[in-house]
Amino acid sequence: MPTDTKRVRGPEVSQSPSLFLCKPATVLPSQGPRTDGRQRDQVDVRPVFVRCGLVSQAKGSAYIEAGNTKLMCCVYGPRETERKDETDMKCGRLTTDMRFAPFSCLERGSWIQGSQDKDLSLMLHESLQPAVCLNKYPRSQIEVNVMVLENSGSVLAHAVTCASLALADAGIEMYDLVLGCSIRQDGASYVVDPSYMEENSCSSASSHNQGGLTVAFLPSLNQISGLQSDGEMTEETLAAGVRTCIEGCYKLYPVIQQALAKAVRRAAPPPSES
């Protein structure tokens, strides 16, 4: 019999669809070490890998990897703005766009920007805008595009850091770098730089002092440019969480400085032989 060349043949070895069913949220222990070996109630962030200048088509780009969380950011501009008004004549405009790749989460998403992507894009814009010297770029706009390649927790905090590094790599004038750090409060205990399971785990304890906090911080100016929190936390817990996030940003600062210095040395022209 002639073979049907127009039919797509399935794989010889397949797996049951039940294997890919979403499992219910697990109850993580509220005491003892975390699943990845880090300690609770301490400023214990994940090891970070940072690289600048990976996308040649963009004016500036950066890649950050913290555990299994992977993000890429590209910066385009400054270019002439399409819509001019009185505000754009005096200073430039910063636009941010943050999206999740369809394969970044356990549940496959869509390329169409959803409500979560729009909310994160707005938070990213509010965190970056105070650090950019927009008065240096009148009648211009700067575009910041962040793509989450893998979501393993704390994506907003790492997106702020990655976007700030990409802006610096693009040569955009800034008052200071912007670093992000997040914590997850679970009663009297907290975890810094939470993973995806820790962010979405259900606690068996009461709902008192349960929530998350993300801080965008300018380390050289010692100022907070953005703060986002969810859940229910007391004023004392929230203040202590902000101080913990600031300490976590200071831990990341030397790594970001070293990555930016390496990018500048790579882009510098070789010394002339005379």
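At-a-glance table
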item: Share of carbon and sulfur in the accessible heavy-atom surface of the stretch 17-267 [1.4 Å probe, %]; result: 52
item: Relative contact order of the stretch 133-211, defined on C-alpha pairs under 8 angstrom at six or more residues apart (%); result: 29
item: Ellipsoid equivalent to the stretch 34-83 - semi-axes via the Cα gyration tensor, in Å; result: 34, 13, 8
item: Qualifying chymotrypsin sites (Phe, Trp or Tyr not before Pro) in the stretch 96-155, DSSP loop, other Cβ atoms within 10 Å at most 14; result: Phe103, Trp111
item: Listed peptides 170-177, 63-70 by packing density, highest first (mean Cβ within 10 Å); result: 63-70, 170-177
item: Heavy-atom accessible area order for Glu198, Glu126, Glu235, largest first, 1.4 Å probe; result: Glu235, Glu126, Glu198
item: Rg and Dmax of the stretch 111-173, Cα atoms only, in Å; result: 12.6, 38
item: Cα-centred dipole magnitude for the stretch 93-212, charges only on beta-carbon of K, R (+1) and D, E (-1), debye, nearest 20; result: 320
item: Listed pairs Lys118/Lys251; Lys90/Lys262; Lys90/Lys251 exceeding 32 Å between Cα atoms; result: Lys90/Lys262; Lys90/Lys251
item: Mean projection area, nm², convex hull over Cα of the stretch 17-267; result: 15.0
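The values are calculated or read from the model by the stated rules, or taken from the named source; none is laboratory data. In this text, all values refer to a predicted model and were calculated from it rather than measured experimentally. Note that each Cβ is placed from the backbone with ideal geometry, even for glycine, and that neighbours are counted across all protein chains shown. For the accessible areas, the whole protein counts, side chains as well, though only heavy atoms, and no ligand, DNA or RNA atoms are used. Shrake-Rupley method; radii C 1.70, N 1.55, O 1.52, S 1.80 Å.
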